[in-house]
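Single-structure report; data block below.
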Amino acid sequence: MKRFFALLLTLLLVMPAIALGEANDYGNYTSDFTAGTDGWYARSAGEAAVSVSGNALTITGRNATWNSPGRDFNLLPGKKYKISVQVLQSSEANVEFMISAAHSKNGLESYENLGKAKAPKGCWITVNATYTPAEFDNYILYVETVGHGTVDFSIRNFKVELDELYFNTSLPSLAEIYAPYFDLGAAINQSQALDANRMAFCDHQFNILTHENELKPDSVLDISASRNLAKEDDTAVAVHFDAAKPMLDFCQANGIKVHGHVLVWHSQTPDVFFREGYKSSGNYVTREVMLARMENYIRQVFEYTEANYPGLIISWDVVNEAVADGSTQLRESNWTKVVGQDFVNRAFEIARKYAPEGVKLYYNDYSTPYEPKLTGICNLLDSLIADGNIDGYGFQCHYSTTTPTPTQVRNAMQKIAAKGLLLRVSELDVGISNTSDVNLTAQANRYVDLFKIFMDYADQMEAVQVWGLTDDRSWRGDEFPLLFDDRCMPKPAFYSVVELVNGTK
Ligand code: XIL
């Protein structure tokens, strides 16, 4: 719940047009009474009054059960909310409390009792309720008693929380806002691609998407069919795109671009791809056979996607993560073992041969800002540039709020931009250890620092893509690294990235 308060704080800071009493875009709200009555007032004919002390709000002077602390809320009709409040009374042996809603339609007020709980004298208790508001003109939530119309009582920690996913397409669109600078995108996996509501939200926020896993070799390679083909020709490769289709179909139908990830990678590539007959018992194939398999694989990926989704995939990660950590050398992998040190150059050569005209070819890697890896990446890029088959470099950017520093990121970007390549931020996320206000703010600030750098390279920067939509579906799910939380509520980082372009950050 703290994060909703943090969100509210951010809204107050960056979006002064949204008044306190309006909660936020979703009606999520916490009143912790640390700063006055927070919009709460006494519902009565004038005799009752509310006051705040010790992070609680107390009502006195009641003379009817409905005399109560109440507050106006923006709630979304048809959405399910959880509501809770702590209550204390010190007058009677037992008093039953209710959370209730008052609302009006065409000037006529009506009421609903949402949840009840009994409070023994002198004990703070919690009253819980769920509520799915119907379509009314306004909503007041309040806390009243059942009988006991004159007892004073106090409330604290009043919380309203949306209890379902909410894909709000009236939020500002990142793709629209960043259109003057670069494409704005995300990685989405197959199960998300099959969720119409989530995809409608993606369509609103992004103009380019990447398959999180479904265009990787372990998804595309059809090993059993390849095994059959290998009986005749050990260089033959069978491919299938079943897992990738839902997102390709969606993007094609909705005019969203696709960045392809990834043709050649040491990871998520079956070991049997490198073995005779595609059998785990087989020896590793020769360099020649492997290069022929590489060519057959890449050719068929381009043939299939271009035949079925012409023009949809505008760029590809041809090779991913070839440079070793803490080194200037290539990492050892099945690719270096079976093909050799030139496997990256060969992959780009083949990709260029089969890529449709205009499709941009990228080398993609992580930990770019760190030496000596940065030098290794630069050396590799230099050799690929000399071959004439590379168009761009993709910075993965799986970062934290402290590392790498913005200076390190800028330095690396400068070094690579100077080579005249196109750039993209292919896999952005910024991890935090928990969703405390402090962490959410640090995360928002780091997103802003990074976006400032990306905007400085807008001339070469083709796209910035976050690696996922909501925190719960992130590959770094325990680090809350994305712009939207589990329920797809925009986090402070989202608003900060929006405000960066609107000029108030
Ligand atoms: C990750 C996916 O997000 C996970 O779902 C999968 O289990 C492993 O791969 N660098 C990359 C991406 O280039 O392909 C990786 O994606 C994250 C790191």
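Can you tell me how many residues within the stretch 440-464 are in contact with a Phe, Trp or Tyr (Cβ under 8 Å, 6 or more places away or on another chain) and either open to solvent by 10 Å² or more (accessible area, probe 1.4 Å) or within 16 Å of the ligand (Cβ to nearest atom) (or both)?
Number of matching residues: 6.
Name the one entry in 448, 464, 438 that is aliphatic (A, V, I, L, M) and either in contact with a Cys (Cβ under 8 Å, 6 or more places away or on another chain) or closer than 21 Å to residue 317 by Cβ (or both).
Just a single option satisfies the conditions, and that option is 464.
Does the stretch 307-320 hold any residues that are within 13 Å of the ligand (Cβ to nearest atom) and either polar (S, T, N, Q) or open to solvent by 10 Å² or more (accessible area, probe 1.4 Å) (or both), and which are they?
Selection gives 320 alone.
Any residue in the stretch 470-485 that is open to solvent by 50 Å² or more (accessible area, probe 1.4 Å) sitting within a Cβ distance under 6 Å of a residue that is away from the ligand (no atom under 13 Å from the Cβ)? List the pairs, counting only those 6 or more apart or interchain.
Final answer for the pair search is 472/486.
Given the criteria touching a strand residue (DSSP E or B) at 6+ places or on another chain (Cβ under 6 Å), surrounded by 14 or more Cβ atoms within 10 Å (Cβ to Cβ) and closer than 18 Å to residue 74 by Cβ, does residue 148 qualify?
Judged against the criteria, residue 148 is not a match.
Being over 18 Å from the mean Cα position of the chain (by Cα), away from the ligand (no atom under 16 Å from the Cβ) and open to solvent by 10 Å² or more (accessible area, probe 1.4 Å) is true for just one of 268, 252. Which residue is that?
None of the other options fit; the residue is 252.
Which residue out of 139, 111 is surrounded by fewer than 18 Cβ atoms within 10 Å (Cβ to Cβ), out of contact with any Gly (no Cβ under 8 Å at 6 or more places or on another chain) and aromatic (Phe, Trp, Tyr)?
It is 111.
Being within 16 Å of the ligand (Cβ to nearest atom) and open to solvent by less than 50 Å² (accessible area, probe 1.4 Å) narrows it down to one of 323, 339, so name that one.
Answer to the check: 323.
I'd like to check something: does the stretch 403-422 contain any residue that is among the hydrophobic types (A, V, I, L, M, F, W, C), assigned by TED's automatic domain parsing to the domain that holds residue 361, in a strand (DSSP E or B) and away from the ligand (no atom under 16 Å from the Cβ)?
Yes: the stretch 403-422 contains one or more residues that are among the hydrophobic types (A, V, I, L, M, F, W, C), assigned by TED's automatic domain parsing to the domain that holds residue 361, in a strand (DSSP E or B) and away from the ligand (no atom under 16 Å from the Cβ).
The values are calculated or read from the model by the stated rules, or taken from the named source; none is laboratory data. Remember, it's a predicted structure, so these values are computed and weren't measured experimentally. With ideal geometry, Cβ positions are generated from the backbone for all residues, glycine too; neighbour counts draw on all protein chains shown. Accessible surface areas use protein heavy atoms only, side chains included; no ligands, DNA or RNA. Shrake-Rupley method; radii C 1.70, N 1.55, O 1.52, S 1.80 Å.
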